[in-house]
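The values are calculated or read from the model by the stated rules, or taken from the named source; none is laboratory data. Everything numeric here is computed off the predicted structure, so don't read it as measured data. Please note: Cβ atoms are built from the backbone with ideal geometry, for glycine as well, and neighbour counts cover all protein chains shown.
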Amino acid sequence: MSSHDAATQTGAVRINPSILAADFVNMQAELQRIAAADFVHVDVMDNHFVPNLTFGPQMVERIQATSPVPLDVHLMIDDVDRWAPGYAELGAASVTFHTEATTEPVALARRLRSIGARAGIALKPATPVEPLFPYIDEFDQILVMTVEPGFGGQSFMADMMPKLRLLTDECRRRGSSVWLQVDGGISDSTIEQAAAAGADTFVAGSAVFGADEPDLAISRLRALGTGAHRH
Ligand code: DX5
Ligand code: ZN
């Protein structure tokens with residue numbers, strides 16, 4: 001079984017390095033450095049939903065064509081009803097949009113799934129999770145942001161753990177197999193608290209690309225996350 005098959009097994013812990021911390025002009029080489037990853041986390045920012053700008057569909061299409069690892073696209077953009085389906089169409093394995101960016105999250109998730117992508121919904125730190133509870137099974141992944149979205153290298157917000165635990169409890173009650181993702185400030189020293197609160201899918205930018213050997217950093221994070229994961 002390849003690591004990518006393993007990533008889809010229930011109970012597995014996934015490590016998704018964020019290329020926001022990679023060298024943008026050497027992207028092909030950077031992607032080769034994280035071959036042990038489960039997914040490549042691709043942060044799309046529009047300088048409107050967040051005060052930072054990265055890249056759009058044209059760049060992501062090239063990353064999709066080049067990456068040996070499937071893509072986990074995180075859209076930090078407005079107007080997701082218009083733009084998100086295009087990322088599913090170009091072949092991203094997973095497309096996550098922010099709940100704050102649409103009034104029709106369920107309709108959009110259904111559209112993404114019908115194109116063949118996993119549908120993800122993300123929550124900024126100030127956004128409560130309870131309104132999502134009736135719709136949990138409309139999504140394949142729920143992303144609880146552990147920093148204010150927009151930039152890499154920020155400090156992990158431990159005060160998001162009660163929100164994550166609330167969500168984990170609700171998912172257990174429903175017998176849901178939705179993946180619970182955290183993004184922002186994940187490192188060797190923070191991953192265990194997020195895993196203990198129920199996260200099973202971890203985005204890490206600076207902790208992976210800032211390491212001398214990114215693949216080793218990924219293995220270490222995976223071992224720590226697996227050890228601490230609350231089933
Ligand atoms: C922040 C992005 C993250 C970012 C994480 O808005 O969504 O994916 O790259 O970077 P680190 O792991 O450095 O906090
Ligand atoms: Zn992200």
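Structure notes:
- Region 71-86, residues that are more than 22 Å from Ser206 (Cβ to Cβ), within 16 Å of ligand 1 (Cβ to nearest atom) and not hydrophobic (A, V, I, L, M, F, W, C): Asp78
- Of residues in region 125-164 being charged (D, E, K, R) and surrounded by fewer than 17 Cβ atoms within 10 Å (Cβ to Cβ), the one nearest to ligand 2 (Cβ to nearest atom): Glu148
- Failed item in (1) more than 11 Å from ligand 2 (Cβ to nearest atom); (2) crowded, with 19+ Cβ neighbours inside 10 Å, with Met45 passing the rest: (1)
- Taken over region 96-112, the residue count meeting the criterion of being of a type in the set (A, V, I, L, M, F, W, C), away from ligand 1 (no atom under 14 Å from the Cβ) and buried (at least 17 other Cβ atoms within 10 Å of the Cβ) is 3.
- Residues within region 162-187 that are outside any helix (DSSP H, G or I) and either among the polar types (S, T, N, Q) or within 12 Å of ligand 1 (Cβ to nearest atom) (or both), tallied: 9
- On the stretch given as region 89-108, residues that are within 15 Å of the chain's Cα centre (by Cα) and small (Gly, Ala, Ser) total 3.
- Selection of region 188-230 for residues being without any contact (Cβ under 8 Å) to a residue 40 or more places away in the chain, among the small types (Gly, Ala, Ser), more than 23 Å from Asp169 (Cα to Cα) and away from ligand 1 (no atom under 15 Å from the Cβ) yields only Ala223.
- Selection of region 29-67 for residues being basic (Lys, Arg) and either assigned to a loop (DSSP other than H, G, I, E, B) or within 13 Å of ligand 1 (Cβ to nearest atom) (or both) yields only Arg33.
- Filter result for the condition that a residue is modelled with pLDDT of 95 or more, surrounded by 14 or more Cβ atoms within 10 Å (Cβ to Cβ), assigned to a helix (DSSP H, G or I) and among the aliphatic types (A, V, I, L, M), over Ala199, Ala217, Ala211, Ala122: Ala217
- Check on Thr102, in contact with an Asp or Glu (Cβ under 8 Å, 6 or more places away or on another chain) and either within 16 Å of ligand 2 (Cβ to nearest atom) or under 30 Å from Glu61 (Cβ atoms) (or both): yes
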